[in-house]
Amino acid sequence: MRALLMGFALLATAACGPRQVEVGTGAQTQAEVLLAVRNNFSQPVSVYVVQGGNPMFVKLVAANAQETVPVRGVAAGSNVTLRATLADGSRTVEKSGVTLNGTYSWTIP
């Protein structure tokens with residue numbers, strides 16, 4: 001009986017001991033395409049990539065600034081429309097028929 005209790009005690013100790021666990025957020029994916037936006041307006045613009053009629057917000061680019069941003073969720077070689085809307089909503093600029101590969105440069109306006 002004593003041996004049986006000792007066996008259970010050893011088993012319980014091993015079961016409750018430390019375990020090696022790896023914690024992660026999943027595979028990190030690198031953006032395949034980048035969008036280099038030059039905003040020549042005197043106010044910020046919201047930049048969108050429109051694919052299949054669905055606009056996807058990319059970035060708010062400051063007035064008279066240039067930013068290069070990754071375009072996630074859009075595969076390289078995709079044909080899209082680029083859209084920029086002034087912060088006050090008074091004007092929208094679009095460029096259709098754009099094929100995104102590598103880094104695409106877009107100057108607004």
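The values are calculated or read from the model by the stated rules, or taken from the named source; none is laboratory data. What you are looking at is a predicted structure, and each value in this text was computed from that prediction instead of being measured. FYI the Cβ positions are ideal-geometry reconstructions off the backbone, even for glycines, and counts take in every protein chain you see.
Does Val98 count as part of a strand (DSSP E or B) and either over 11 Å from Ala36 (Cα atoms) or in contact with an Asp or Glu (Cβ under 6 Å, 6 or more places away or on another chain) (or both)? So Val98 passes the test.
From Val47, Val61, Val69, grab the single residue that is modelled with pLDDT of 90 or more and either touching a helix residue (DSSP H, G or I) at 6+ places or on another chain (Cβ under 9 Å) or closer than 13 Å to Thr103 by Cα (or both).
Numbers: Val47 fails: either touching a helix residue (DSSP H, G or I) at 6+ places or on another chain (Cβ under 9 Å) or closer than 13 Å to Thr103 by Cα (or both); Val61 fails: either touching a helix residue (DSSP H, G or I) at 6+ places or on another chain (Cβ under 9 Å) or closer than 13 Å to Thr103 by Cα (or both).
One residue alone meets the criteria, Val69.
So the check is Cβ under 9 Å with 6+ separation or different chains; which pairs have a first residue in the stretch 78-102 that's surrounded by fewer than 13 Cβ atoms within 10 Å (Cβ to Cβ) and a second one that's modelled with pLDDT of 95 or more and charged (D, E, K, R)? Note: pairs meeting the criteria are Thr92/Arg83; Glu94/Arg83. A single member of Val80, Val93, Val69, Val74 is closer than 12 Å to Leu34 by Cα and assigned to a strand (DSSP E or B), and it is Val69. When the stretch 42-66 is filtered for residues that are of a type in the set (A, V, I, L, M, F, W, C), touching a residue at least 24 places away in the same chain (Cβ under 8 Å) and either in a loop (DSSP other than H, G, I, E, B) or buried (at least 18 other Cβ atoms within 10 Å of the Cβ) (or both), the ones remaining, listed by number, are Val45, Val47, Val49, Val61, Ala63. Please verify whether the stretch 3-16 includes one or more residues that are modelled with pLDDT under 70 and either assigned to a strand (DSSP E or B) or within 21 Å of the chain's Cα centre (by Cα) (or both). Checked against the condition, which is being modelled with pLDDT under 70 and either assigned to a strand (DSSP E or B) or within 21 Å of the chain's Cα centre (by Cα) (or both), the stretch 3-16 yields no hits at all.
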